[in-house]
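K.L.:
Got a structure for you, questions after.
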């Protein structure tokens, strides 16, 4: 990636307590031209979001200290982060109401198990960068 592309690359924050998820999805997002920051739980995610001001957040639902839904609502309640779109990764069969989706500005829910490619494609679509997913 050239210097100009690196300067214009969107920042994506990955929040998941499963390190392999942040590593695999993070590598794919980086290959697709994004800056990637990671956090291991919702509390660390709030701190990271305040520092990096991401264009998009991808978070797991089931995490220690703070669920992904609680995290999403906390992000939307922060004046500096409000409006940041969120993609939520959840267990198969978990339902979230349209009101909850709106409250957390959750743009999409992706059920586990998922492929890293599917998550990256959803992220790039949300960022308006469709067609740039790395293989």
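K.L.:
Identify the residue in segment 61-88 that is at pLDDT below 95 and under 23 Å from residue 30 (Cβ atoms) and, among all such residues, is surrounded by the most Cβ atoms within 10 Å (Cβ to Cβ).
P.N.:
Taking the candidates together, the pick is 68.
K.L.:
Counting only residues that are under 10 Å from residue 25 (Cα atoms) and in contact with a strand residue (DSSP E or B) (Cβ under 7 Å, 6 or more places away or on another chain), which one in segment 112-122 is surrounded by the fewest Cβ atoms within 10 Å (Cβ to Cβ)?
P.N.:
Here the residue is 118.
K.L.:
So, in segment 92-111, how many residues would count as being at positive phi and surrounded by 14 or more Cβ atoms within 10 Å (Cβ to Cβ)?
P.N.:
Adding up the residues that qualify gives 1.
K.L.:
If you don't mind, there's one more thing I want to ask. When only residues in segment 90-107 that are at pLDDT below 95 and part of a strand (DSSP E or B) count, which is nearest to residue 127 (Cα to Cα)?
P.N.:
90
K.L.:
In addition: For segment 86-106, which residues satisfy the criterion of being in contact with a strand residue (DSSP E or B) (Cβ under 6 Å, 6 or more places away or on another chain) and more than 19 Å from residue 66 (Cβ to Cβ)?
P.N.:
The one that is in contact with a strand residue (DSSP E or B) (Cβ under 6 Å, 6 or more places away or on another chain) and more than 19 Å from residue 66 (Cβ to Cβ): 92.
Every residue, every condition in (1) part of a strand (DSSP E or B); (2) under 19 Å from residue 18 (Cβ atoms); (3) without any contact (Cβ under 8 Å) to a residue 60 or more places away in the chain, yes or no:
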{"position": "33", "(1), (2), (3)": "no, no, no"}
{"position": "37", "(1), (2), (3)": "yes, yes, yes"}
{"position": "45", "(1), (2), (3)": "no, yes, yes"}
{"position": "48", "(1), (2), (3)": "no, yes, yes"}
{"position": "57", "(1), (2), (3)": "yes, yes, yes"}
{"position": "66", "(1), (2), (3)": "no, yes, yes"}
{"position": "70", "(1), (2), (3)": "no, yes, yes"}
{"position": "75", "(1), (2), (3)": "no, no, yes"}
{"position": "79", "(1), (2), (3)": "no, no, yes"}
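K.L.:
Return the only residue of 29, 14 being assigned to a helix (DSSP H, G or I) and within 18 Å of residue 119 (Cα to Cα).
P.N.:
One residue alone meets the criteria, 29.
K.L.:
Filter segment 123-135 down to residues that are out of contact with any helix residue (DSSP H, G or I) (no Cβ under 7 Å at 6 or more places or on another chain) and not in a helix (DSSP H, G or I) and give me whichever is surrounded by the fewest Cβ atoms within 10 Å (Cβ to Cβ).
P.N.:
135
K.L.:
Starting from residues that are in contact with a helix residue (DSSP H, G or I) (Cβ under 9 Å, 6 or more places away or on another chain) and surrounded by fewer than 19 Cβ atoms within 10 Å (Cβ to Cβ), keep the ones in segment 18-36 and report whichever is nearest to residue 93 (Cα to Cα).
P.N.:
Across segment 18-36, the extreme among qualifying residues is 24.
The values are calculated or read from the model by the stated rules, or taken from the named source; none is laboratory data. Keep in mind it's a predicted model, so treat the numbers as computed, not measured. Every residue, glycine among them, receives a Cβ derived from its backbone with ideal geometry; neighbour counts consider all protein chains shown.
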